[in-house]
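Here the structure comes first, spelled out in structure tokens, and everything after it is commentary.
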Amino acid sequence: MKIRIRGNSIRYRLDKTDVELLEMTGKVESITHIGAGVLHFCVRSKNITDPVIKMEHDGVHLLLPAERLQGWYAPDQTGFELILPNPDGSELKVLVEKDFQCLSPRNEDDSQAFENPNAGKNC
């Protein structure tokens, strides 16, 4: 799982293994060791009606309605956006997307990434 944080937005990009794990077990996570500490991101499928995001100790936990995720697992679905209110009145924008293969070569393993729908097209 790749995570990008910019301002009041978090973007989660899940590769094939992540999506399969989320669909089969209801949970996918990413852990980064920073010095003696750990930063933990978790996405969970839950039987809830509205998405929830919360910070707990060393991590960020995104809880998504299982029913909403069922449609996203389909091959033709790429991602979705959430706007979640913060207690201070601000909003957090959350994007959950399938991770696509890069169109130009990069020094990065994207063997588990989804085939890019723009691959082979003249740009």
**OP:** Name the single residue, out of those in region 90-104 being modelled with pLDDT of 95 or more and not β-branched (Val, Ile, Thr), that is farthest from residue 14 (Cα to Cα).
**Re:** 90
Original post:
How many residues are under 12 Å from the mean Cα position of the chain (by Cα) and β-branched (Val, Ile, Thr) when one looks only at region 18-28?
Top reply: 2
**OP:** Identify the single condition in (1) at pLDDT 95 or above; (2) on the phi > 0 side of the Ramachandran plot that residue 120 does not satisfy, given that it satisfies every other one.
**Re:** (1)
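Here's the yes/no breakdown for (1) of a type in the set (Ser, Thr, Tyr); (2) within 29 Å of residue 116 (Cβ to Cβ); (3) under 15 Å from the mean Cα position of the chain (by Cα); (4) loosely packed, with under 14 Cβ neighbours inside 10 Å:
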site: 1; (1), (2), (3), (4): no, yes, yes, no
site: 9; (1), (2), (3), (4): yes, yes, yes, no
site: 30; (1), (2), (3), (4): yes, yes, yes, no
site: 36; (1), (2), (3), (4): no, no, no, yes
site: 42; (1), (2), (3), (4): no, yes, yes, no
site: 51; (1), (2), (3), (4): no, yes, yes, no
site: 65; (1), (2), (3), (4): no, yes, yes, no
site: 76; (1), (2), (3), (4): no, yes, no, yes
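Considering only strands (runs of 3 or more DSSP E) fully contained in region 22-106, which possess at least 2 residues that are in contact (Cβ under 8 Å) with a residue 40 or more places away in the chain?
Because the criterion is at least 2 residues that are in contact (Cβ under 8 Å) with a residue 40 or more places away in the chain, the strands (runs of 3 or more DSSP E) in region 22-106 that meet it are 37-46, 59-65, 91-98.
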Subject >> Residues of region 47-85 satisfying the condition of being in contact with a Lys or Arg (Cβ under 7 Å, 6 or more places away or on another chain) and hydroxyl-bearing (Ser, Thr, Tyr) >> reply: 78
Original post:
Is one or more of the residues making up region 1-20 of a type outside the set (D, E, K, R), in a loop (DSSP other than H, G, I, E, B) and in contact with a Phe, Trp or Tyr (Cβ under 7 Å, 6 or more places away or on another chain)?
Top reply: yes
Original post:
In region 1-21, which residues are in contact (Cβ under 8 Å) with a residue 24 or more places away in the chain and β-branched (Val, Ile, Thr)?
Top reply: 3, 10, 17, 19
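The values are calculated or read from the model by the stated rules, or taken from the named source; none is laboratory data. Quick caveat: nothing in here was measured; it's all calculated off a predicted structure. Note that each Cβ is placed from the backbone with ideal geometry, even for glycine, and that neighbours are counted across all protein chains shown.
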